[in-house]
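Visitor: Handing you this structure, nothing more for now.
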Amino acid sequence: MKDLITVIKFTMNEMVKRKSFIISTLIILILIVIGFNVPKFFKTIKGEDTQEKLLVVDSQNIFEGNLENLKNMELDYEIQIENSNYEEIKEKIENEEISSAIIIEKQNENVKIRYIVENMSFRKDIPEKLINSINVIYSNLQITKLGLSNEQLQAITPDFEFSLEQTEEEKASGNVLAMMLLSLVLFYAIYFCAYQVSSSITTEKTSKIMETLVTSTSPRTIVIGKTIGIGIVGLIQMVVIVGTAIISAKLFLESEMINAILDISNITPYLGIVTIIYFILGYLAYALLYALTGSTVSKPEDIQSANTPVALLAVIGFYLSYFTMMNPTSELNVFASMFPISSPFCMPFRIMMGLASVTDVIISIAILVITILIISQVAIKIYSSAILNYGTKMSLGDIIKMYRDKNN
């Protein structure tokens, strides 16, 4: 136990001292703070009033003053109604007094609506919401002229009640964007923290530090100690990053904007605990695989190609869970939440959506733990034989032969 703690402390100390670790962490934190300040930055540039100013011109009084109702509708425009000719409108747009304008004219029996913008490259069509609102006002005006009673008017324009239903018994709830972000964060945390195990081992082999470690403790202790040490640093890093994101969201974003983008009502203590468990287990699975690949190379320039199979495995697991989110009640999504290479990214998503029972979570964790035990047994045996290899990069055949010799 003393040797294990020594290896953990040594690994953590080496990790936090790396310039690449410090710089990458600082860059991520700075980008998070800047990213959450972008809406405030654009709001400052445009001023307090971020709504586009739309000028509506009805010089022939076709709508008989009823266009004032546009101001009471939620159109995301600041409506101005006045009589201006085309040249005056053009000048106002150039001076940025308004962003666009609508000119309403009657030609024969038709009503023509001209939508005026500065450049059609950015706005090719009249906003549909605005068209519908103008149609509603004009229709109500014509209906009123017909002298219909309230009962007749109600019969013409009934209040429809719409509901969305599904045939499947299992229902998913929650904001898919929040789920995808959770899955993406988990993938980043697990993949990049695990990758550091391989990089650390190869670096220490190059500097001959590994020889000192091997002579003072067992390969098993080194594998477990390095895995735990880097995992602790990675977990702390992710807590700092996520904490910075949460604090930045609270400080720099309006609550209405947060609620519109992300629905965090499904984030519970149970989900938090399970997510941490899956982070730890997912990290262990991939870190042990990276420990294996890191021990098979002796030069830092070879580490990228040696890690490619594990990287592909991680990417396949991530995309298997990511794309099945589009249909969270599918059998493929259930499979992804049980399959050990994808369950760390998928099961927290299913829990957040209210689709995973406690039994499902227990089975998934059990499969992942068994997989980790198998990987650790193979990784430690190959690691103990390959760690002092300072020759060329070992092939898959060499690794298999080494494992068989270790068992014999």
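Visitor: Conditions: (1) surrounded by fewer than 16 Cβ atoms within 10 Å (Cβ to Cβ); (2) closer than 30 Å to LYS145 by Cα; (3) without any contact (Cβ under 8 Å) to a residue 40 or more places away in the chain. GLN60 meets all but one. Number of the miss?
Guide: Of the numbered conditions (1) surrounded by fewer than 16 Cβ atoms within 10 Å (Cβ to Cβ); (2) closer than 30 Å to LYS145 by Cα; (3) without any contact (Cβ under 8 Å) to a residue 40 or more places away in the chain, the odd one out for GLN60 is (3).
Visitor: Here are some residues: GLU88, GLU14. Which one is touching a residue at least 40 places away in the same chain (Cβ under 8 Å) and acidic (Asp, Glu)?
Guide: GLU14
Visitor: Now for a separate question. When the residues of the range 294-316 are narrowed to those that are farther than 17 Å from GLY282 by Cβ, part of a helix (DSSP H, G or I) and of a type in the set (Gly, Ala, Ser), which ends up most open to solvent (accessible area, probe 1.4 Å)?
Guide: SER305
Visitor: Output the number of residues of the range 95-110 satisfying the condition of being in contact with a strand residue (DSSP E or B) (Cβ under 8 Å, 6 or more places away or on another chain) and either loosely packed, with under 14 Cβ neighbours inside 10 Å or aromatic (Phe, Trp, Tyr) (or both).
Guide: 2
Visitor: Report the residue count in the range 317-352 for those that are outside any helix (DSSP H, G or I) and under 20 Å from ILE276 (Cα atoms).
Guide: Adding up the residues that qualify gives 4.
The values are calculated or read from the model by the stated rules, or taken from the named source; none is laboratory data. Keep in mind the model is a prediction, meaning the values are calculated, not measured. Neighbour counts run over all protein chains shown; Cβ positions are idealised from the backbone, glycine included. In case anyone asks, the SASA skips ligands and DNA or RNA and just uses the protein heavy atoms, side chains included. Shrake-Rupley method; radii C 1.70, N 1.55, O 1.52, S 1.80 Å.
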